[in-house]
Amino acid sequence: MPSSSSLIHGISISVSDDDEATGKVRVRVRRKRSRGPASASARRRRILFRAARLGVPLLLAALAVCLLLYESYRLTPSRSSTLPPPSFADISRLSRNARAADRARKSCLKFLDPEKLQNLELPEIPETNLSMKEVLYRSSLPHIVNDTPPHTENSRFNLFTGYQTLTEREESFKMKKSVTVHCGFYNENGGFRVSDVDREYMRSCEVVVATCAFGGGDDLHQPIGMTENSIRKVCYVAFWDEVTRAAQEEEGHTISEDLVIGLWRIILVSDLPFSDQRLNGKIPKLISHRLFPMARYSIWVDSKSQFRRDPLGVLEALLWRSNSSLALSEHGARSSLYDEAKAIVKKHKATPEEVEVQLDQYRRDGIPDEKRFNGKKALAEASVIVRNHAPLTNLFMCAWFNEVVRFTSRDQLSFPYVLRRLRPPGVHLFPVCARKDLVNSFGHKRKVKPLVKDTT
C-alpha cells in the first residue's frame, strides 16, 4: 500500500493508507551517531598543530632579533685605541671587500680599475677663461655700521667672521676679475686656533679628506677602499676639540705620539668661535681652502659616515672626467628650499622666526619657489662635498659660509640661493645612490655638547 513520509527536524514520520484509516502514526526518531573516542594519533596531530601555530611566530621573531644583533655587531666600528696605519696588505683586503659589496648592490658611479688608480696622478692646473681670477679675503677692515640687517642684534657675526653688511654681501655675488669677500679668520683674535705643528702639516697637503667632531660628537670611522697611491698622496684630517678628545679617550681611543689614530691625522682646535657646535663644524666643511692654503682638492665627509672609496678615484669620477669644479650629494627627499624650510621647522632644527627671516630675504632677492634650476635639482644634502680649490669655487664656498652665519646653520637652505646668485659652471649634484657608493652611514652616536664660552 502506498505510503508517504516527511522529515521534520530529524524525525521521520511514515504514514500509510492503513494508518490513516486506523488513525495510527508510526514515528521513527533518527538518532545522531556518537563518535567514538579520538585515537592517540589524532590527539598527537592536534597537539602538534597547536604547538606549530604558537611556536612559528615566536621562532620567526627570535630569528629577526638575531639578525638585527648580527648586523649591529658587523657594522659597529672597531674599538681599538691607537690603531696603526693599516698595511698595504690590509688595504688590499679592504678594497676587495668593498668591491664585493659593490657587486651586491648596483653602483651609480663608474670608477677606474685598481691598476689605473694605482698610477693616477693629479692633472695639470688648467687655464681658465672665467672673468673672475682672484679672491681676496677681508680681514679687520672697517665696515659700514649703518647698513646692518634688522636681525643683527642676535647675529652670530664676530671677530672670526667679520661683520658683513648687506652691501658687502651683495658685492660678493658680482662676478669681477677680483672679488673681496668675508671668509672667516677675519681677526687674529677670532678663534679656531691650531698649533704651529698642525698648521705646517696642513700647509703640506695637496689633496685632503676632512671630517670633524666638536663637542663630543661621533666616533672616528677609519676610511677603507684606498690604494697605496692615495695613502701616499692624500691627507686624512679630523678636526677635534678637547671635549671630543676626552670623550674618545674614555672609550679607549687615544691619539698616538705621531698625532694620528689609524689613517686620520688629528688636529686639535682651541678657542672655537661659535657657541653653536654645528656652526663650528661649518668651518672645515665649507671653507677648507682657508685651512689648507696649498691644497688643490678636498673631500668633505660628515662625521657620521665612513669614507669607503679611493680619494683620487673619487676626484677622477666626479670632477676630472666631467670637467666639474664642485660635486656634492643631492637631497633625497625634497627639491625646493621653501619645502626644506618647512621640514626644518617641523623637525625643530631651527626656530620658525629665524627661518622666516632667511626666507623673507630670499624672496626680496627674487629667489622663486621652484624645484629645478637649469633643469636639475638644486637642493643639496651635502654630507659629502668634493671640490677643487680654484678661485671661483672658493668664492662660492665663502658666500655659502657667510649665508650660514647670517641666517640659520642649516646649509641646505642657503646652497640653492648661492647657486642661483653666482651661477658657477661645473657644479654637479650626484644622486643619493652615488653617495651610498662613497660612504657607509652610521648615524650620529651621541648628542653634541654645546660650547659654553667665557664672557668674562
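Things to note:
- Some residue of region 304-319 being of a type in the set (A, V, I, L, M, F, W, C), touching a residue at least 24 places away in the same chain (Cβ under 8 Å), assigned to a strand (DSSP E or B) and touching a Lys or Arg at 6+ places or on another chain (Cβ under 8 Å): no
- Within region 234-246, the set of residues being within 11 Å of Phe214 (Cβ to Cβ) and open to solvent by 20 Å² or more (accessible area, probe 1.4 Å) comprises Glu242, Val243, Arg245.
- Entry remark, region 235-262: residues being farther than 18 Å from Val197 by Cα and touching a Pro at 6+ places or on another chain (Cβ under 9 Å) number 1 in total.
- Of all residues in region 287-301, those that are closer than 18 Å to Ala238 by Cβ and among the aliphatic types (A, V, I, L, M) have Cβ atoms under 8 Å from Cβ atoms of residues that are open to solvent by less than 10 Å² (accessible area, probe 1.4 Å) and part of a loop (DSSP other than H, G, I, E, B), 6 or more apart or on another chain, in Ile287/Cys183; Ile287/Gly184; Ala295/Cys205.
- The residue pairs whose first member lies in region 48-68 and is on the phi > 0 side of the Ramachandran plot, whose second member is open to solvent by 80 Å² or more (accessible area, probe 1.4 Å), and whose beta carbons are closer than 6 Å, counting only pairs six or more residues apart or on different chains, do not exist in this structure.
- Of the residues in region 379-388, at least one is among the polar types (S, T, N, Q) and over 27 Å from Val357 (Cα atoms).
- Each residue in region 395-413 was checked for being free of Cβ contacts under 8 Å to residues at least 60 places away in the same chain and under 21 Å from the mean Cα position of the chain (by Cα), and 1 pass.
- All positions within region 300-327 that are open to solvent by 20 Å² or more (accessible area, probe 1.4 Å) and of a type in the set (Lys, Arg): Lys304, Arg309, Arg321
- Only one of the numbered conditions (1) at pLDDT 95 or above; (2) assigned to a loop (DSSP other than H, G, I, E, B); (3) more than 30 Å from Glu124 (Cα to Cα) is violated by Met294, and that is (3).
- Asp365 satisfies every condition listed in (1) closer than 30 Å to Glu206 by Cα; (2) surrounded by fewer than 19 Cβ atoms within 10 Å (Cβ to Cβ); (3) over 18 Å from the mean Cα position of the chain (by Cα) except (1).
- Filtered residues of region 199-210 (kept if out of contact with any Lys or Arg (no Cβ under 6 Å at 6 or more places or on another chain) and open to solvent by 10 Å² or more (accessible area, probe 1.4 Å)): Arg199, Glu200, Tyr201, Arg203, Ser204
- Flag if Leu141 is among the aliphatic types (A, V, I, L, M), modelled with pLDDT of 70 or more and open to solvent by 40 Å² or more (accessible area, probe 1.4 Å): no
- Here the condition is being assigned to a loop (DSSP other than H, G, I, E, B) and either modelled with pLDDT of 95 or more or among the acidic types (Asp, Glu) (or both); of Tyr186, Tyr236, it holds for Tyr186 alone.
- Residues considered: Ile255, Ile287, Ile261, Ile283. Of these, the only one that is open to solvent by less than 30 Å² (accessible area, probe 1.4 Å), over 26 Å from Gly162 (Cα atoms), in contact with a helix residue (DSSP H, G or I) (Cβ under 9 Å, 6 or more places away or on another chain) and of a type outside the set (Phe, Trp, Tyr) is Ile261.
- Among the residues of this structure, Glu356 counts as one that is outside any loop (DSSP other than H, G, I, E, B), over 21 Å from the mean Cα position of the chain (by Cα) and free of Cβ contacts under 8 Å to residues at least 40 places away in the same chain.
- Pairing each residue of region 158-180 that is farther than 24 Å from Ser131 by Cβ with any residue that is outside any loop (DSSP other than H, G, I, E, B) and of a type in the set (A, V, I, L, M, F, W, C), provided the two are 6+ apart or on different chains, yields C-beta distances under 8 Å for Thr161/Val405.
- Residue in region 328-342 that is among the hydrophobic types (A, V, I, L, M, F, W, C), outside any helix (DSSP H, G or I), in contact with a helix residue (DSSP H, G or I) (Cβ under 7 Å, 6 or more places away or on another chain) and open to solvent by 20 Å² or more (accessible area, probe 1.4 Å) present: no
- Taking the conditions (1) in a helix (DSSP H, G or I); (2) open to solvent by less than 10 Å² (accessible area, probe 1.4 Å) in turn, Ser383 satisfies each one other than (1).
- Residues being among the polar types (S, T, N, Q), open to solvent by 10 Å² or more (accessible area, probe 1.4 Å), under 23 Å from Arg372 (Cβ atoms) and modelled with pLDDT under 95 are represented in region 395-417 by at least one member.
- Count of region 214-233 residues which are more than 19 Å from the chain's Cα centre (by Cα), open to solvent by 10 Å² or more (accessible area, probe 1.4 Å) and of a type in the set (A, V, I, L, M, F, W, C): 1
The values are calculated or read from the model by the stated rules, or taken from the named source; none is laboratory data. Quick caveat, the model's predicted, so the values are computed rather than measured. For neighbour counting, all protein chains shown are included, and Cβ atoms are generated from backbone atoms with ideal geometry for every residue, glycine included. Surface accessibility is based on the protein's heavy atoms, side chains included, excluding ligands, DNA and RNA. Shrake-Rupley method; radii C 1.70, N 1.55, O 1.52, S 1.80 Å.
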